[in-house]
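*Asks:* Mind looking over this structure? Questions follow.
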Amino acid sequence: MIGALRSAHIDSVTGEEGGSRRGTPVFWLYSRPAIIVFSHISPMLKLDRYDIAILRILAHDGRITKSHLAEEINLSVSPTWERVRRLEDEGIIRGYRAELDWTGRLNISLIIVEVTLARHTAHDMQRFETRMLNAPEVSHCYATGGGVDYVIHVVTRSIDEYQRFIDSMLIENLGIERYFTYIVTKTIKQIPATVPGWLLETA
């Protein structure tokens with residue numbers, strides 16, 4: 001049996017001076033103020049020590065005020081904020097999110113699924129990936145090299161609900177040759193995106 005794990009992260013947009021919580025849902029549970037997601041860093045992009053310091057701070061506290069951020073990196077507010085905007089424009093900072101903890105608050109099943117397709121044509125892969133993008137149960141879907149084609153994370157209210165999700169994909173004839181289900185029994189480590197240590201060597 002295979003399932004998907006629902007992400008505990010919900011996109012949000014920070015407001016002025018520390019962010020806003022407009023439209024906060026009922027189960028909006030902060031375990032830390034916010035996190036930042038970093039996209040692929042181009043080798044052509046030059047980051048200095050101030051940029052890296054900004055990334056480290058924002059990865060820990062995405063709702064820090066402009067003035068406090070500037071104070072932390074020992075720059076004035078204007079050049080600090082210009083650097084933040086440049087990092088956003090470059091796509092390194094992709095967004096700001098709230099980190100949620102559902103443990104003990106909702107009865108959910110977290111499941112990791114390995115999927116192998118019967119054929120590997122562009123059409124078959126695109127069809128499967130489109131289905132994953134449109135599946136509300138799926139929080140993450142990774143195309144992988146090696147023994148399996150995809151690893152997906154799903155969250156459902158029960159194992160039975162997960163199985164119905166899998167059955168629906170099989171009925172839709174998405175070209176799934178085999179799949180393996182791993183039910184998450186305990187989270188040992190879960191951290192937001194951080195600044196890789198090797199990045200310091202490029203500054």
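The values are calculated or read from the model by the stated rules, or taken from the named source; none is laboratory data. These figures come from a predicted structure and were not determined experimentally. Cβ atoms come from the backbone with ideal geometry, glycine included; neighbour counts cover every protein chain shown.
*Asks:* Which residue, of 80, 156, is buried (at least 19 other Cβ atoms within 10 Å of the Cβ), over 30 Å from residue 178 (Cβ atoms), of a type outside the set (Asp, Glu) and modelled with pLDDT of 90 or more?
*Replies:* From the options 80, 156, the qualifying one is 80.
*Asks:* Does residue 139 satisfy the condition of being within 30 Å of residue 99 (Cβ to Cβ), of a type in the set (Gly, Ala, Ser) and in contact with a helix residue (DSSP H, G or I) (Cβ under 9 Å, 6 or more places away or on another chain)?
*Replies:* Taking the combined requirement at face value, the residue does not satisfy it.
*Asks:* May I ask you to list pairs of residues, at least six apart or on different chains, whose Cβ atoms are under 7 Å apart, with the first in region 137-156 being at negative phi and in a loop (DSSP other than H, G, I, E, B) and the second being among the hydrophobic types (A, V, I, L, M, F, W, C) and surrounded by 15 or more Cβ atoms within 10 Å (Cβ to Cβ)?
*Replies:* 137/4; 137/154; 137/155; 137/165; 144/151; 148/115; 149/115; 149/117
*Asks:* Would you point out the residue of region 126-136, among those that are assigned to a helix (DSSP H, G or I) and aliphatic (A, V, I, L, M), that is surrounded by the fewest Cβ atoms within 10 Å (Cβ to Cβ)?
*Replies:* So, considering only residues that are assigned to a helix (DSSP H, G or I) and aliphatic (A, V, I, L, M), the one surrounded by the fewest Cβ atoms within 10 Å (Cβ to Cβ) is 133.
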